[in-house]
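The values are calculated or read from the model by the stated rules, or taken from the named source; none is laboratory data. What you see is a predicted model, and the numbers here were worked out from it, not measured in a lab. All Cβ positions, even for glycine, are placed from backbone atoms using ideal geometry, and neighbour counts span all protein chains on display.
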Amino acid sequence: MAGEFDEIRGRLEVIAEELADLALIRLRESIDAGGTELPVDEKRLTRARRAVEKAIAILREPDDG
């Protein structure tokens with residue numbers, strides 16, 4: 001049964017990478033603009049990426065049944 005989650009996990013992994021890329025872009029934009037604090041968008045993107053990574057980990061867990 002664990003194999004049925006492989007496709008979803010794969011899509012979530014791509015989403016996590018996209019979120020990480022966007023967070024880096026926000027950081028670069030902030031640095032280039034002379035910012036000294038983390039952009040709000042970067043913080044939100046990082047939180048979202050972590051949530052997606054938690055979902056990936058949950059889908060990797062073995063079936064208890």
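Determine whether region 46-63 contains at least one residue that is touching a residue at least 60 places away in the same chain (Cβ under 8 Å) and either of a type in the set (Phe, Trp, Tyr) or part of a loop (DSSP other than H, G, I, E, B) (or both). I'd like the intermediate steps shown before the answer.
Our first condition is that a residue be touching a residue at least 60 places away in the same chain (Cβ under 8 Å); within region 46-63, this holds for 62-63.
Then drop every residue that is not either of a type in the set (Phe, Trp, Tyr) or part of a loop (DSSP other than H, G, I, E, B) (or both), which leaves 62-63.
Yes, there is a match, as at least one residue in region 46-63 is touching a residue at least 60 places away in the same chain (Cβ under 8 Å) and either of a type in the set (Phe, Trp, Tyr) or part of a loop (DSSP other than H, G, I, E, B) (or both).
Restricting attention to region 25-45, and to residues there that are free of Cβ contacts under 8 Å to residues at least 12 places away in the same chain and in a helix (DSSP H, G or I), which single residue is nearest to residue 3 (Cα to Cα)?
44
Which of the residues spanning region 25-51 are buried (at least 16 other Cβ atoms within 10 Å of the Cβ), at pLDDT below 90 and of a type in the set (A, V, I, L, M)?
27
Can you tell me which residue is modelled with the lowest pLDDT among those in region 1-24 that are more than 10 Å from the chain's Cα centre (by Cα) and surrounded by 14 or more Cβ atoms within 10 Å (Cβ to Cβ)? Break it down stepwise before answering.
Filtering region 1-24 down to residues more than 10 Å from the chain's Cα centre (by Cα) leaves 1-11, 24.
With surrounded by 14 or more Cβ atoms within 10 Å (Cβ to Cβ) added as a condition, the list becomes 5, 9.
Working: 5: 89, 9: 95.
So the residue we want is 5.
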